[in-house]
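One structure is given below, encoded as structure tokens.
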Protein chains: 2
Amino acid sequence: MNAFENILHEKHVRSTAMRLLVMDTLAKQQTAISLHDLEAAFEHADRITLYRTLKTFEEKGIVHSIEDGTGATKYALCEPGCQCSPQDLHIHFYCNKCEKTYCLSKSKIPDLGLPKGYQLQEVNLVAKGVCNRCSD
Amino acid sequence: MNAFENILHEKHVRSTAMRLLVMDTLAKQQTAISLHDLEAAFEHADRITLYRTLKTFEEKGIVHSIEDGTGATKYALCEPGCQCSPQDLHIHFYCNKCEKTYCLSKSKIPDLGLPKGYQLQEVNLVAKGVCNRCSD
DNA sequence: GTTGCTATGCAATGGTATTGCATTTTTTTA
DNA sequence: TAAAAAAATGCAATACCATTGCATAGCAAC
Ligand SMILES: [Mn+2]
Ligand SMILES: [Mn+2]
Ligand SMILES: [Zn+2]
Ligand SMILES: [Zn+2]
């Protein structure tokens, strides 16, 4: 049983060929990718199956999703130990030049100081600008 | 010249009946609203005209938009003096119960501590959970 | 009043997300 | 191991939301 199979097992998701391929593809990315991007990474794969794979992964905490405002949700593998709680989550950065969405894993979400009565469950924080690769 | 006409004039947007009506409608909202919501607030108004009105308002800094992850962009009037820079902007809160998106105007965006080389231009910060009205 | 620019209204299009259903694959049970 | 049940996959269809093209109406300058 390899590392990906282990993760699927831990998260109570059945291991299938398709799911392992998707995990493998996601692990190779430097950025968060869209369903469309994922589809493009395969020769012959059904878009809907990939869609449902991502949805399953998201529900089970294997990937996290980012609404970066482009209209297409981006996905990236969670880091080991991530429970996808606001404390676990990190900032995402959308570069207006290269149009890629980066996980800034080391930049955690700062304390938001919400007004009294607001119960926090999730946070989607997308900073936009120019990434370090594009700003030379 | 009333307050709305003043704002339009300041922001170099021509004053029209439609635009004044849209500003009036936006000013009456307690939450940020979608194009669809805006359309529903009128008896007979063309969706596309409303769409372009919102786009114009956004470009000229009269409204700000929020990508709350529901798929439909939300809009709200900017506060006086807002330049829509990351320092001016505030947190938004999407309530999973009432499904409304609130402007938390007093909760400014905290410092993000981006890694070196990342140039910040915009921030979209949406906290999700249960709002104070729904959490009693 | 004529001319020119802008805003509006209607139609059409493009893209992403989502669901229904038949079929295949995997797992469970006998 | 064979049959039955459950889950995953593949294809088709649908639902939205966002965006553009183009003709017309309204306004402003000349
Ligand atoms: Mn991430
Ligand atoms: Mn706001
Ligand atoms: Zn970049
Ligand atoms: Zn609420």
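Read-outs throughout are calculated quantities, based only on the coordinates presented, and are distinct from any laboratory measurement. Keep in mind the model is a prediction, meaning the values are calculated, not measured. Don't worry about glycine lacking a Cβ; one is built from the backbone with ideal geometry, like all the others, and counts go over all protein chains shown.
What are the pairs with Cβ atoms under 6 angstrom where one residue, in the range B:44-62, is in contact (Cβ under 8 Å) with a residue 12 or more places away in the chain and the other, located anywhere, is among the charged types (D, E, K, R) and part of a helix (DSSP H, G or I)? Sequence gap at least six, or different chains.
Note: pairs meeting the criteria are B:47/B:39; B:50/B:39; B:53/B:19.
Would you pick out the residues in the range B:121-132 that are touching a Phe, Trp or Tyr at 6+ places or on another chain (Cβ under 9 Å) and surrounded by fewer than 16 Cβ atoms within 10 Å (Cβ to Cβ)?
B:132
Counting just the residues of the range A:48-71 that are of a type in the set (Asp, Glu) and in contact with a Phe, Trp or Tyr (Cβ under 9 Å, 6 or more places away or on another chain), which one comes out farthest from the other protein chains (Cβ to nearest Cβ)?
Result: A:58.
Out of B:109, B:66, which single residue is within 17 Å of residue A:128 (Cβ to Cβ) and in contact with a Lys or Arg (Cβ under 8 Å, 6 or more places away or on another chain)?
Of the residues listed, the single one that is within 17 Å of residue A:128 (Cβ to Cβ) and in contact with a Lys or Arg (Cβ under 8 Å, 6 or more places away or on another chain) is B:66.
Looking at the range B:14-37 only, could you name the residues that are in contact (Cβ under 8 Å) with a residue 12 or more places away in the chain and more than 15 Å from ligand 2 (Cβ to nearest atom)?
Listed by number, the residues that qualify are B:18, B:19, B:20, B:21, B:22, B:23, B:24, B:25, B:35, B:36.
Criterion first (under 24 Å from residue B:74 (Cα atoms) and charged (D, E, K, R)) does residue A:60 satisfy it?
No.
Mind listing whichever residues of the range A:16-40 are away from ligand 3 (no atom under 16 Å from the Cβ), in a loop (DSSP other than H, G, I, E, B) and either within 14 Å of chain B (Cβ to nearest Cβ) or under 20 Å from residue A:95 (Cβ atoms) (or both)?
A:28
Quick one: how many residues across the range A:79-136 are more than 9 Å from every other protein chain (Cβ to nearest Cβ), among the polar types (S, T, N, Q) and part of a loop (DSSP other than H, G, I, E, B)?
Result for the range A:79-136: 3.
Between B:74, B:11, which is over 11 Å from the mean Cα position of the chain (by Cα) and either under 25 Å from residue B:91 (Cα atoms) or touching a residue at least 40 places away in the same chain (Cβ under 8 Å) (or both)?
Answer to the selection: B:11.
Take the conditions surrounded by 15 or more Cβ atoms within 10 Å (Cβ to Cβ) and within 18 Å of residue A:66 (Cβ to Cβ) and apply them to residue B:92. Does it pass?
Yes: the conditions hold for residue B:92.
For the condition among the basic types (Lys, Arg) and in contact with a strand residue (DSSP E or B) (Cβ under 7 Å, 6 or more places away or on another chain), what is the one hit in A:55, A:128?
A:128
Go through the range B:120-129 and count every residue that is within 11 Å of residue B:101 (Cα to Cα) and either free of Cβ contacts under 8 Å to residues at least 40 places away in the same chain or within 9 Å of ligand 4 (Cβ to nearest atom) (or both).
So the answer is 2.
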